Amino acid sequence: MLDDLRGAPALDIRDLRAGYGPLEIIRSLNLTVEPGEFVALMGPNGAGKSTLLKTIFGMATITGGSIGWDGRNVAGMTPRRILGAGIAYVPQGRCNFPLMSVDENLDMASYAVPKGNLKADRDRIYDLFPVLHERRRQPAGNLSGGEQQMLEMGMAMLMRPRLLLIDEPSVGLSPQSIQKVFDELVAINRGGCTILLVEQNTRKAMQVASRVAILRLGEVIWTGPPAGITFEELGAIFMTGELPQRARKTEDSDETRL
Amino acid sequence: MAMTGVNVHGSYIYANPRHGLRAAGFAVLVIALAAAPLVAGDYQLHALIVSMTFLLPALGLNLILGYAGMLSFAQMAFFGIGAYSSALTAMRWGTPFWLNLVVGGLAAGIVAVPLGIPALRLRRYSFVMCTLGFAVIAQTIAKNWISVTRGDLGLSQVPRPRIALWNGGFEITSITSYYYLALVLSVLAVLAFLTLVSSAAGRYMIAIREDETLAASVGTPTWHYRMIAFALSAVFAGVGGSFYVHYFTVISPTVFDPFYANTVLVIVLGGGVGTVGGVVLGSFLFVAVSEALRIAPDLRMIAYGLLLIVIVFACPEGLLPLFIRKIRFGGGTHVP
Amino acid sequence: MLTDAVVNGITAGSVYALVAVGMTIIFGVLRAINFAHGEFYMLGTFGAWWGIETLDLPYIVSIPLALIIVAAIALAVGVLVMKRLIDQPFQIGIVATLGVSLVLQNVIILIFGGAYKMFDGGWIEPVEILGISLSEQRILIVVAALVIFGLLELMVHRTRFGKTIRAVSQNIEACKVVGVNVPVVVIGTFVLGCTLAALSGVLTAPVTVSLYGGMGTSITVKTFAIIVMGGVGNVSGTLFAAWILGLMESFVASYLGLQFRDAVAFTALIVVLTLLPGGLFSKRERF
């Protein structure tokens, strides 16, 4: 249905091939994401989950295929233009300006927003993450891991993205911080922002995601609701790289487990 | 990308199965060079001799940069130290030529060790700065230690090489005999270099260049091998300096000028860092050709400058890989 | 003799500081040592000399002229060369800027000849302050250095461009993530840094009087020593390291002999690096 906009996918990745230099990590990957979805990418190490996020954000070399977003192909665009098209990215590990204050970090993100207002933008993020407000004058590098993760999410949200790419937000965080980060992600998603999440903590990811996509060797080998697959089956995929028989059937018949 | 410390492709240079081909190319080159005096005039031979004197410090730089992954500007300091020590020994004690070469190489190598102690603890640009400092300080010493070096005047009338033979030997004076002496030295230096880098020590150096933390974690004494690379690079430069001074028979503190250090850098990077063929090619291309064409020094330096810029961006592996890319392509083992 | 040595040292230190601070901010954004930095000092001097000799301009007019010329050259070099150094290993930067330095130096020698030129301009009348007699030009140099450093501190902490420079030097990946136009910042910083070097050259020319195409090399080399001693990327550390070097050189020249002056920078550098590999003013906050 071309004229039914609600039915059109927001993100439409077709036959994507990408990697770093001569090294191809994404091989013929297909994935569509509907507006407002919360998709968790899963798969063993080296499956290409992080590379996929980087590729969508224009930070890897694309050797083939297309990345449709809002009806246009963003493959090959610079990160700045992709950001302008409404896609924000929160990479794995610490990705802020460690010697600048929390305020200044948010300002750096505001600069990217046309007609951005530093004060109003900061306040919007401080409403979202009150803990950052308390530490606004501290250098970002002095914040705890969880606080830095929230700062980075805040910086991404400042740019009012309609698609948020977020890579391993829970790595190195305390259980308490992890819960907080995931609560915020759910809130962001409820606010209408589509999310593509890469997460090693499968339990957590399956709790919050509306759909799971499993990658292996640079391809999506299964996608469906979190309820469509058990941890045991996931574990089997990670160990053997093979899709269990039943899950394969689930995909075909589109029926959900239980 | 073979010039970088974080290089990932460099290892194929050593894993190249076409050693036979390389040996054949090397033999052809040596025979061609040996025949050169039949066709070349004195000026062309002179240009070739100069390029072969630059080959030695360039091999030394290739060792420390291409194999140990550290960019050193100290090569010309060691070249000068070799030249001065060899000249002074010969002038004072009338020592034979081969001994002067040894003195030149050893003096440079011995000076390198205490300099390496502070320098090798440093990384990246701090190391570069520190080695640059050695050249500046060496020049100041050469200018000011007048009782020994005669300051800015420099040393002149350095004895020509004497080759001792059963019949009493002979003194090398003609351009052609200098040429053959340079050729023999260059061949020996290249063979020594190849032996060195294919030895266990050479492999450790490559391991350190590729991933120092990893090399250290599997028990490689990284500091130890960096010191060996640094000292040996100085020995190569020192021997080169020794030959240089007995050829030109004069030496002054200008030998420490950045001009010469830049030339050595152009040879190694332009030819192909981490390769022997590249350094040989670089020496002939950038010294002999420009010398033989009598390009005015300022124009030559502009050309060098543009070449450096083009090379680092367009072919960071140097010109040699461009020449033999086809041959290399089949044998390469890319290590991701 | 003592006051002379101090005055000369502070003047020379201020000259070095203006050159070095440009290199240190360029290093901050590019992680590349600019081997051509001294050439921009030389170009500044030549620009003003050309304005005075050929266009018959007064010194005060030739100052902005020289700065505009150098900024234009720096812009060209920035677009053609420096922009490509983003995300490259540090050796690439060394070789590329060495190439730029060879080109600039020898193009000047080709155009103007290799001989020394005399710089005829500036305010060299001596004035007496607190019993010390010194030329107006020296006062101008020191005051200019202080004002420029004050402005630089304000710029990096208060303005958008300054904050962006800090951001690029702290985390280039994060810059891409928040949409900073990194190449523009790199080129802008390069032009600023080179123009500061040129300003130093223009202000110093009346004191040093002679100029020639190769004069940049020794400045570049000393600047390396200063930025490493000052802690690379550290603006105020650079000023203090430059003054310390200026004073040391001045004392060595006065009490040991002029011929030892040029070795001071590197002897000090090697001593500092041996004792404190991070530099004299190494602290986490760089700008």
Go through (1) within 11 Å of another protein chain (Cβ to nearest Cβ); (2) free of Cβ contacts under 8 Å to residues at least 12 places away in the same chain; (3) in contact with a helix residue (DSSP H, G or I) (Cβ under 7 Å, 6 or more places away or on another chain) for A:Tyr126 and report which single condition fails.
(1)
I'm trying to understand the selection: among the residues of the stretch B:290-317, which are touching a residue at least 24 places away in the same chain (Cβ under 8 Å) and of a type in the set (Val, Ile, Thr)?
B:Ile311, B:Val312
A:Thr63 versus (1) more than 17 Å from A:Arg14 (Cα to Cα); (2) surrounded by fewer than 17 Cβ atoms within 10 Å (Cβ to Cβ): which is the lone unmet condition?
(1)
For the stretch C:27-50, enumerate the residues that are within 21 Å of B:Leu306 (Cα to Cα) and among the hydroxyl-bearing types (Ser, Thr, Tyr).
C:Tyr41
For C:Asp56, all conditions in the list (1) without any contact (Cβ under 8 Å) to a residue 24 or more places away in the chain; (2) buried (at least 24 other Cβ atoms within 10 Å of the Cβ); (3) in a loop (DSSP other than H, G, I, E, B) hold save one; what is the number of the exception?
(2)
Out of C:Ala198, C:Ala205, which single residue is under 25 Å from C:Ile141 (Cβ atoms), crowded, with 19+ Cβ neighbours inside 10 Å and modelled with pLDDT under 95?
C:Ala205
Single match in B:Val268, B:Val235 (criterion: crowded, with 22+ Cβ neighbours inside 10 Å, modelled with pLDDT of 85 or more, over 22 Å from B:Gly154 (Cα atoms) and within 14 Å of another protein chain (Cβ to nearest Cβ)):
B:Val268
Can you report the number of residues in the stretch A:157-206 which are of a type in the set (Asp, Glu) and surrounded by fewer than 19 Cβ atoms within 10 Å (Cβ to Cβ)?
2
Can you name the residue in the stretch C:86-99 that is in a helix (DSSP H, G or I) and more than 7 Å from every other protein chain (Cβ to nearest Cβ) and, of all such residues, is surrounded by the most Cβ atoms within 10 Å (Cβ to Cβ)?
C:Thr97
Which condition number in (1) more than 12 Å from every other protein chain (Cβ to nearest Cβ); (2) buried (at least 20 other Cβ atoms within 10 Å of the Cβ) is the one that A:Leu106 fails?
(1)
Can you pull out the residues in the stretch C:247-266 that are within 7 Å of another protein chain (Cβ to nearest Cβ) and either surrounded by fewer than 18 Cβ atoms within 10 Å (Cβ to Cβ) or at pLDDT 85 or above (or both)?
C:Gln259, C:Phe260
Among the residues of the stretch C:111-124, is there at least one that is modelled with pLDDT of 90 or more and out of contact with any strand residue (DSSP E or B) (no Cβ under 7 Å at 6 or more places or on another chain)?
yes
Yes/no for A:Gly65 being part of a loop (DSSP other than H, G, I, E, B) and either touching a residue at least 12 places away in the same chain (Cβ under 8 Å) or under 27 Å from C:Val185 (Cβ atoms) (or both):
no
Residues located in the stretch B:209-247, provided they are more than 21 Å from the chain's Cα centre (by Cα) and part of a helix (DSSP H, G or I)
B:Glu210, B:Glu212, B:Thr213, B:Leu214, B:Ala215, B:Ala216, B:Ser217, B:Thr222, B:Trp223, B:His224
Given the structure, is A:Arg80 away from every other protein chain (no Cβ under 12 Å), of a type in the set (D, E, K, R), surrounded by fewer than 19 Cβ atoms within 10 Å (Cβ to Cβ) and free of Cβ contacts under 8 Å to residues at least 60 places away in the same chain?
no
Which listed residue is crowded, with 21+ Cβ neighbours inside 10 Å, farther than 27 Å from B:Leu181 by Cβ and in contact with a helix residue (DSSP H, G or I) (Cβ under 6 Å, 6 or more places away or on another chain), from B:Met76, B:Met129
B:Met129
Could you check the stretch C:116-189 for helices (runs of 4 or more DSSP H) lying wholly inside it with 3 or more residues that are closer than 23 Å to A:Leu83 by Cα?
C:160-170, C:172-177
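The values are calculated or read from the model by the stated rules, or taken from the named source; none is laboratory data. Fair warning: this is a prediction, and the values are worked out from it, not measured in the lab. With ideal geometry, Cβ positions are generated from the backbone for all residues, glycine too; neighbour counts draw on all protein chains shown.
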